[in-house]
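A short write-up of the structure that comes next.
The values are calculated or read from the model by the stated rules, or taken from the named source; none is laboratory data. In this text the structure is predicted, and so the values were computed from the model without any measurement. Cβ atoms come from the backbone with ideal geometry, glycine included; neighbour counts cover every protein chain shown.
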């Protein structure tokens, strides 16, 4: 994996052959003239943002883009708007504006904006290029990297979408200064995930630097973003379409998506649901004798230190199981879960007694 680093800036390459692309990480990148020019061939740019991020960063971005034709759409903010109807509103504006196939679409915002804008780029005229400019920690460390694009359906999260890799990812760490504390903490859930599935030393580092992260100390922040992107880039390069090792990135997500759906999209932030879901995955792994109880306790303690939930909300077992059963990781009717064998060592499996899963849910959901 190619990597360069200088002062507070670094670069990771997602190595996908002809479709490889860089993740540029650093402070003040939205002020760096010409930084996106290598990734924009045509004269037209279409920006997808939302009503929160647009007023903050749309002007710096348009200034950065220079003398091009630029149009934008500001979506309503929130997971509840990650729908086909919102997707259609983007397509409608692209069609009305007569944007051609050489248009570059730029997503400016968090995970919802990146997912729905990326899906529009994948679908419009059978695919146009796009650039991710993530402005939340969760998007910077996870959702903006890897080419997964989607919208939600009432039946489940991210059920409608496509794999469509960006041409570049521009991570300006200065955008985190305007991120509310709750959303910042939610992003840390995905950071912890990387340590749990492939990098025990990174997990150890997070345990000793939780206070620095909550204080948004710049060096610590750059480190976690850089490390998270490095680890995800490596996994995506090995398994772009989630046929194998990439499925490990779903640790806690089957539970987390069920929490989001059952609680109502937007009631729990995605990272909050993932944190509780990872704790459930750790508890289930320990229950099956695959993970030491001491490791499960360390996992729960780290999430608590990062001000994230460690247990699901009060949801009925039947509704929760129904939500889990339509998860994208279900194959031939079998729920496949990511389980932990140790911190830094995970596996994807359907080899567990369903009775034990029901027992876990009953224990944790019925209070």
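Total residues in region 274-295 satisfying the condition of being in a helix (DSSP H, G or I) and touching a residue at least 24 places away in the same chain (Cβ under 8 Å): the figure is 14. Among the conditions (1) touching a strand residue (DSSP E or B) at 6+ places or on another chain (Cβ under 7 Å); (2) surrounded by fewer than 21 Cβ atoms within 10 Å (Cβ to Cβ); (3) free of Cβ contacts under 8 Å to residues at least 60 places away in the same chain, the only one that residue 119 does not satisfy is (2). Residues that are part of a loop (DSSP other than H, G, I, E, B), farther than 27 Å from residue 221 by Cα and at pLDDT 90 or above within region 297-350 comprise 312, 313, listed in sequence order. Would you say residue 226 is touching a residue at least 60 places away in the same chain (Cβ under 8 Å) and assigned by TED's automatic domain parsing to the domain that holds residue 273? It is true that residue 226 is touching a residue at least 60 places away in the same chain (Cβ under 8 Å) and assigned by TED's automatic domain parsing to the domain that holds residue 273.
Has region 248-259 got at least one residue that is within 17 Å of the chain's Cα centre (by Cα) and over 23 Å from residue 79 (Cβ atoms)?
Taking region 248-259 and keeping what is within 17 Å of the chain's Cα centre (by Cα), we get 248-259.
Among the residues that remain, those that are also over 23 Å from residue 79 (Cβ atoms) are: 248.
For region 248-259, residues within 17 Å of the chain's Cα centre (by Cα) and over 23 Å from residue 79 (Cβ atoms): present.
The strands (runs of 3 or more DSSP E) found wholly in region 126-204 and carrying at least 1 residues that are within 23 Å of residue 348 (Cα to Cα), touching a residue at least 24 places away in the same chain (Cβ under 8 Å) and under 13 Å from the mean Cα position of the chain (by Cα) occupy 148-153, 156-163.
Quick check on this structure: which one of 62, 83 is over 20 Å from residue 123 (Cα atoms) and either touching a residue at least 40 places away in the same chain (Cβ under 8 Å) or in the same structural domain as residue 173 (by TED's automatic domain parsing) (or both)? Before you say what the answer is, go through the steps one by one.
Details: 83 fails: over 20 Å from residue 123 (Cα atoms).
Residue meeting the stated conditions: 62.
Being closer than 18 Å to residue 54 by Cα, outside the structural domain of residue 187 (by TED's automatic domain parsing) and in contact (Cβ under 8 Å) with a residue 24 or more places away in the chain is the requirement here; does residue 112 meet it? For residue 112, the condition - closer than 18 Å to residue 54 by Cα, outside the structural domain of residue 187 (by TED's automatic domain parsing) and in contact (Cβ under 8 Å) with a residue 24 or more places away in the chain - is met.
Residues that are touching a helix residue (DSSP H, G or I) at 6+ places or on another chain (Cβ under 9 Å) and either surrounded by fewer than 17 Cβ atoms within 10 Å (Cβ to Cβ) or in the same structural domain as residue 20 (by TED's automatic domain parsing) (or both) do occur in region 244-259. Considering 11, 18, the condition of being outside any loop (DSSP other than H, G, I, E, B), free of Cβ contacts under 8 Å to residues at least 24 places away in the same chain and under 17 Å from residue 169 (Cβ atoms) is satisfied by 11 alone.
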